[in-house]
Amino acid sequence: MTTPALLPLSGRRIPPLNLGPPSFPHHRATLRLSEKFILLLILSAFITLCFGAFFFLPDSSKHKRFDLGLEDVLIPHVDAGKGAKNSGVFLIHGPDEHGHREEEERLRNKIRADHEKALEEAKEKLKKSREEIRAEIQTEKSKVVQEMKMKEKKPLPPVPVPNLLGINGGDPEDNDIRKKREKIKEMMKHAWDNYKIYGWGHNELRPIARKGHSTNIFGSSQMGATIVDALDTLYIMGLHDEFRDGKKWIEDSLDFSVNSEVSVFEVNIRFIGGLLAAYYLSGEEIFKIKAVQLAEKLLPAFNTPTGIPWAMVNLKSGVGRNWGWASAGSSILAEFGTLHMEFVHLSYLTGNPVYYKKVMHIRKLLQKMDRPNGLYPNYLNPRTGRWGQYHTSVGGLGDSFYEYLLKAWLMSDKTDHEARKMYDDAIEAIEKHLIKKSRGGLTFIGEWKNGHLEKKMGHLACFAGGMFVLGADGSKDKAGHYLELGAEIARTCHESYDRTALKLGPESFKFDGAVEAVAVRQAEKYYILRPEVIETYWYLWRFTHDPRYRQWGWEAALAIEKHCRVSGGFSGVKDVYSSTPAHDDVQQSFFLAETLKYLYLLFSGDDLLPLDHWVFNTEAHPLPVLHLANTTLSGNPAVR
Ligand code: DMJ
């Protein structure tokens, strides 16, 4: 992996960026529909003919084929007279020879009549013009689509709506802060409007080429990832016309019955998370229905010998597999460990425990496993249930697994003590083995590889500052310690931004001798509009109200505006140490879902999406806390 295009996009996986246009597997179908239809008719007539012809064969060759009862078929014939065993022909016996003849005659007549009818129909069809046949096919197709739509509209069982506080508001009193918030909203509009003009329906936008863009995480289909990912940000910013446009596209065009292999993790956090958040915020049923439809399509990924899901699944065939680059055919910790929040909500909303059971099964399996030095390796083989390479990180490949342990506890109204314990144990081991202080006094999180600490921290790992602070309450006597640790990580990540020419952070940075918080390899110098550092500023702001976090967030917003904004949207940059950087020409969907949302929240009051009522999934989609202790999950005591 030497180019930015091959490095991890969202950290839970390392997919190569597919820079070409998406390929459509259907393009090789050369026969037109009408021609296929005629062929089908002729074929069916031919089969009927062959079947019918059988009845015109001489009696001796066919008598033995009729009147078979199930037992007869299963018992080989013994010809008592000759004493020969199993002649290879199965015997027909019947007490009522006459009755059988009549039945035989009746069948023969029926087949003759069917045969005649099929031939007549085929002749009729062939008399029709190509246009007429096409129109008939079209009518049939529309009927099927209509039926499917009716089915889609079927309401799901009602459940008690959780306490949805703080969906609107957050207007800052301070004029300067209000202006900053307005600026972030304007940036969102710029990103969205350009996507709408140049990339509508595609997964992402190429803001310079001004066309759609996609990567292999979304498969080969246009699933409008940016629309789904951006919906809740539009909603909380009060961009209601834009939200309505997005909803309309989802209603009319978002289709999951496609022959396309997608990343289970990415589709879960961006699509299911995005749709569920849009549902809770707006109350529009369509989002819930789509989320459930998609979840159904992901379930076959869990059909592995251990129940640890494959990384990818084909939405149509349900066939799953893992990334070719993953150690020993393994699934990735941060991928199969980042499903819990969405899946619990799916069970809550549908009354179907299947989703809950899938993620709890993963948890139970992990609990039983030995952990080297108390650490969770990033790779687990779904066939054998054994760890792959002993590589542990809080950045890419590991990150959101830890995040979801904490958030499972928060989302359960702090009743899921098992999740909290797993989180506490995991971060204790991480602190012991992975977190160090540099010579210059910067706290960093390294990566553990086969008993050796690599002093390198990824941009993705910067989210952990926010996680430590969010989890501080609940760690009893260590709350102060985790607040402090979160603040130290925020400072380190801010330094990684501040030590660049563009004031934007590199993909990963080293702590090696005199080198501190700086990327060394060219392939680590890019910034692709990632949110993690701003996410941490926001959590720190909410918990401390220290104005430095708003200041740091504003610095990042200005740098994005200055170096990433182009007339066709926002683009990542290839080298944050160069004052004239090249653009990568990709507007990532998470820029609208996360980066701009966290910035907007940073300049909003705490009454917008308060953290004791909402828990943000790893793609920044807010899901309400489920006060399960007071709630009946419809028909599902198992889920409680
Ligand atoms: C996002 O897709 C999610 O935050 C994911 O968990 C990892 N990071 C990317 C953006 O960097």
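Please compare each pair in 414/449; 368/455; 183/290; 364/421 to a cut-off of 23 Å on the Cα-Cα distance and tell me which ones are over it.
From the list (414/449; 368/455; 183/290; 364/421), the Cα-Cα distance tops 23 Å for 414/449; 368/455; 183/290.
Could you tell me which of the pairs 211/316; 432/456; 196/525 are separated by over 23 angstrom between their Cα atoms in the structure shown?
211/316; 196/525
Work out from phi, with θ = phi - 60° and the Karplus expression 6.51 cos²θ - 1.76 cosθ + 1.60, the ³J(HN,Hα) of each residue of segment 409-424, listed in order in whole Hz, and give x for Gly and Pro.
5, 4, 5, 8, 6, 6, 9, 7, 5, 4, 5, 4, 5, 4, 5, 4
Do any trypsin sites (Lys or Arg not before Pro) in segment 247-314 lie in a DSSP loop with no more than 14 other beta carbon atoms within 10 Å, and if so, which?
Sparse-neighbourhood loop trypsin sites (Lys or Arg not before Pro): none present.
Using amide H atoms built in the peptide plane, which far-off residues or other-chain residues are under 5 Å from residue 515 H to H?
Those lying under 5 Å, H to H, from residue 515: there are none.
What whole number of Å gives the distance from the Cα centroid of segment 175-201 to the Cα centroid of segment 465-496?
Centre-to-centre (Cα) distance: 31 Å.
What whole-number value in Å² describes the accessible area per residue of segment 533-619 for a 1.4 Å probe?
Per-residue value: 28 Å².
Do any trypsin sites (Lys or Arg not before Pro) in segment 359-468 lie in a DSSP loop with no more than 11 other beta carbon atoms within 10 Å, and if so, which?
439
What three numbers, in Å, describe the spread of the alpha carbons of segment 175-630 along their principal axes, ordered from the longest?
Cα extents, longest axis first: 52, 50, 45 Å.
If you count only protein heavy atoms and use a 1.4 Å probe, how large is the accessible surface of residue 200, to the nearest 10 Å²?
About 80 Å², rounded to the nearest 10.
Quick one: Cα centre-to-centre distance for segment 253-330 and segment 575-589, in angstrom?
Each part's Cα centre sits 30 Å from the other's.
In a shell of Cβ-Cβ distance under 11 Å around residue 258, excluding residue 258 itself, what net charge do Lys and Arg (+1) and Asp and Glu (-1) give?
0
May I ask you to derive the relative contact order of segment 563-632, considering only C-alpha pairs under 8 Å and at least 6 residues apart, and to give it as an integer percent?
Here the relative contact order equals 19 percent.
Tally up the carbon and sulfur contribution to the accessible surface of segment 175-630 as a whole percent, 1.4 Å probe, everything protein left in place.
It is 49 percent, rounded to a whole number.
Sequence-distant or interchain residues sharing an amide H contact under 5 Å with residue 167, placed H: which?
For residue 167, the qualifying residues are 609.
Residue 566's amide H: which non-local residues (gap 5+, or another chain) put their own amide H closer than 5 Å, with H modeled 1.01 Å from N in plane and none for Pro or chain starts?
When sequence neighbours closer than 5 places are left aside, the close amide H contacts are 571.
Looking at the calculated P(r) for segment 261-376, what percent of the C-alpha pair distances fall above 17 Å?
Result: 55 percent of Cα pairs exceed 17 Å.
The values are calculated or read from the model by the stated rules, or taken from the named source; none is laboratory data. The structure presented is a predicted model; accordingly, all values stated were derived computationally and were not measured. So basically every Cβ, Gly included, is an ideal-geometry build from the backbone, and we count neighbours across all protein chains shown. Remember, those area values only see protein heavy atoms, side chains included, never the ligands or the DNA or RNA. Shrake-Rupley method; radii C 1.70, N 1.55, O 1.52, S 1.80 Å.
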